[in-house]
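*Asks:* If you scroll down you'll find the structure; I have some questions about it.
Taken together, the values in this text are just the output of simple stated rules run on the coordinates, not laboratory data. Keep in mind that this is a model prediction, so the values were computed, not measured. Here the Cβ positions follow ideal geometry from the backbone for every residue, glycine too, while neighbour counts run over all protein chains shown.
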Amino acid sequence: MSSVRDFYDALAADYHLIFPDWDASMTRQAAALDGVVRARLGAGPHQVLDCSCGIGTQAIGLARVGHRVTGSDLSPAAVARAAVEAEARGVRLPVTAADMRALPFRAAAFDVVVCADNSLPYLLAADDVRTALVGMRRVLRDDGLLVLSIRDYDEIRAARPPSAPPQVSTTAQGRVITFQLWHWHKDGERYDLEHFQLVPGEGGGWEVRVRRTTYWALTRGELSAKVADAGFAEVSWHDPGDSGFYQPVLTARRAR
């Protein structure tokens, strides 16, 4: 997992450049996830753990709408930035650097555990995925809610695309272009990702920043089975057209 930590430590200062408007994305994603949570647990506010909080995209947004959110992430640089960004926006967000396979929280501490933005597929082995999911179950109260989001790998694994569409954001220095190249393994399930950012350089040129990591493209059926095996019930999927979130969302209840 050190390569994942290195990837996000290196990306932490530039992560917001993935979004044309990061604050607008926070607001939009929080509204969608809050709707999913409210539909299953009521209005709250709820005690929420975002165990892959990164620089705070979902965590800050959920805190803004009133939930009591704690953030954790493998990347110390990312959680440090999340704390700074939350304070700048007037919301409380305690954070800690932690591997999702070893969450440092007491049992039954949270009503909701969020693991969004395609974070679980950084775990490349079945035992690691199970360890993480069992740990998420441990920190949830009885009937607490697990909320995961991943890319739509059912379609992606069938097509094995070589890249993802570019994204463009505008800064005071000019436009920033972000794109990804995907290099599929022979197993057809895992792929190495090269994450490129082209940022305005001196003299009108471009500075190219490249980071690399690896994903496991878990299908919905595979992930549903792993979630159920870890002790969850009522496993359901919510498509973007229904939830308003930009990725497919899985919800499940902590079985008693």
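*Asks:* Going by alpha carbons, how many degrees (0 to 90, nearest 10) lie between the helix axis of 220-229 and the longest principal axis of the chain?
*Replies:* Approximately 40 degrees, to the nearest 10.
*Asks:* Given charges of +1 on the Cβ of Lys and Arg and -1 on the Cβ of Asp and Glu, with all other atoms neutral, how large is the dipole of the chain about its Cα centre, in debye to the nearest 20?
*Replies:* 600
*Asks:* When a/c reaches 1.5 or more, the comparison of a/b and b/c decides; with that in mind, is the range 1-157 rounded, prolate or oblate per its Cα gyration tensor?
*Replies:* rounded
*Asks:* Taking R0 as 25 Å, what FRET efficiency do you get between residue 234 and residue 107 from their Cβ-Cβ distance, rounded to the nearest 0.05?
*Replies:* Using R0 = 25 Å, I get an efficiency of 0.75.
*Asks:* Say R0 is 22 Å: what FRET efficiency, to the nearest 0.05, do residue 38 and residue 92 get from their beta-carbon distance?
*Replies:* 0.60
*Asks:* On to the next question. How large is the dipole of the range 134-224 about the Cα centre if only Lys and Arg carry +1 and Asp and Glu carry -1, each at its Cβ, rounded to the nearest 20 debye?
*Replies:* Using Cβ point charges on Lys, Arg, Asp and Glu, the range 134-224 gives about 140 debye.
*Asks:* Now for a separate question. If you average the C-alpha positions of the range 194-256 and of the range 95-163 separately, how far apart do those two centres end up, in angstrom?
*Replies:* Value for the Cα centre distance between the two parts: 10 Å.
*Asks:* Moving on to the next point. What is the angle, in °, between the Cα long axis of helix 126-139 and the longest principal axis of the Cα atoms in the chain? Nearest 10 is fine, range 0 to 90.
*Replies:* Result, in degrees: 60.
*Asks:* Want the number for residue 68 to residue 159: 0.36 nm per residue separation, take away the alpha-carbon distance, what's left?
*Replies:* That works out to 28.8 nm of additional length.
*Asks:* Take every DSSP beta bridge with both residues inside the chain and express the antiparallel ones as a percent of the total, to the nearest 5.
*Replies:* Of those bridges, close to 70 percent are antiparallel.
*Asks:* Separate question: Decide, for the range 154-216, between rounded, prolate and oblate: order the square roots of the alpha carbon gyration tensor eigenvalues as a ≥ b ≥ c, take rounded if a/c falls under 1.5, and otherwise choose prolate if a/b is larger than b/c, else oblate.
*Replies:* Taking the square roots of the gyration eigenvalues as a ≥ b ≥ c, the range 154-216 is prolate.
*Asks:* Here's another thing I want to ask about it. How far is it, in nm, from the label point at residue 170 to the one at residue 220 when both lie 7 Å from their Cα along the line to the Cβ?
*Replies:* The modelled label-to-label distance comes out at 3.7 nm.
*Asks:* Sticking with the crude label model, points 7 Å out along Cα→Cβ, report the distance from residue 184 to residue 212 in nm, one decimal please.
*Replies:* 2.0
*Asks:* Are there trypsin sites (Lys or Arg not before Pro) in the range 95-188 that DSSP puts in a loop and that have at most 13 other Cβ atoms within 10 Å, and which ones?
*Replies:* 106, 186
*Asks:* What does the helix-only formula give at 222 nm for the chain: each DSSP H stretch with n ≥ 4 adding -39500 (n - 2.57), the total divided by the residues, and the result rounded to the nearest 500 deg cm²/dmol?
*Replies:* -10000 deg cm²/dmol
*Asks:* Between residue 192 and residue 126, with labels modelled 7 Å along Cα→Cβ, what's the label distance in nm to one decimal, could you check?
*Replies:* 2.6
*Asks:* Placing +1 on the Cβ of each Lys and Arg and -1 on the Cβ of each Asp and Glu in the chain, which of 124, 169, 20 has its Cα farthest towards the positive end of the resulting dipole?
*Replies:* About the Cα centre, the residue reaching furthest to the positive side is 124.
*Asks:* For the range 52-109, what does the relative contact order come out to in percent, with C-alpha contacts under 8 Å and a separation of six or more?
*Replies:* Answer for the range 52-109 is 37 percent.
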